[in-house]
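To start, the structure under review is shown below, and the notes come after it.
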Amino acid sequence: MAKLELWYPVKNPFIISQRFGENQVPLYKELGMLGHNGWDIVGNYGQIIRAAHEGIVTFTGEDGSGGLGVVIRTQNQYDYNGGRAYFKSIYWHCKPQSFRVKVGDTVDIGTVLAECDTTGKASNSHLHFGLKPVNKGEEDWQWYNIEQDNGYLGAIDPISYWNGNYAVDAMLILSILKSMVEALKKLINILK
């Protein structure tokens, strides 16, 4: 089993304005958290947000406080705390009418999801990125946060999952690899 690997979902450069667990302010306590439950990544208004990993889109829409976002769940399990888990990533504060994916879409690393904005409880344009390990329930539609009672509504710090590369570059790398495979297939056919 492998560890989940995350690619940076925005590029310009990758700057964090608030990390996981920071700012133990009344707002987070009102929301039932000990502190910030994700990473706030600087993103200019309208900047493209890309998928940080492969998976399936399980949500696009509003959170009830005006925040717009996308949720992606992995289709494979990965190592987690000595066991295995699926993961869901959360992309929040998206620009209205900027969604490029819908529920049920399968996405690759680098797939365009939406654009950055200030929707919801945001004072400036950025991407709130969250990560939660989840397990499947008995029914297809049931998914449970493994860490629901950890003080961050099930979110964990994604710091150890980042691979240091940008999701936009993954698309280029995958395209080059695909071209190389096709060229290799042609060469094998010629050599036969």
Pairs of Cα atoms farther than 15 Å apart, region 43-113, %: 53 percent
Pairs of Lys in the chain closer than 25 Å at Cα, counting only those 8 or more apart or on different chains: 26
Unit charges at the beta carbon, dipole of the chain: most positive-side option, F99, L68, L191: L191
Counted charge near T106, where neighbours are those whose Cβ lies closer than 15 Å (Asp, Glu -1; Lys, Arg +1): +2
Charged-residue dipole, Cβ positions (Lys, Arg, Asp, Glu), the chain about Cα centre, Debye nearest 20: 680 debye
Descending semi-axes in whole angstrom, ellipsoid equivalent of region 6-191, from the Cα gyration tensor: 30, 20, 15
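Any read-out appearing in this document is the output of simple, stated calculations on the displayed coordinates, not a laboratory observation. Since this is a predicted model, take the numbers as computed values, not measurements. Because the Cβ atoms are built from the backbone with ideal geometry, glycine has one as well, and the counts that use them run over all protein chains shown.
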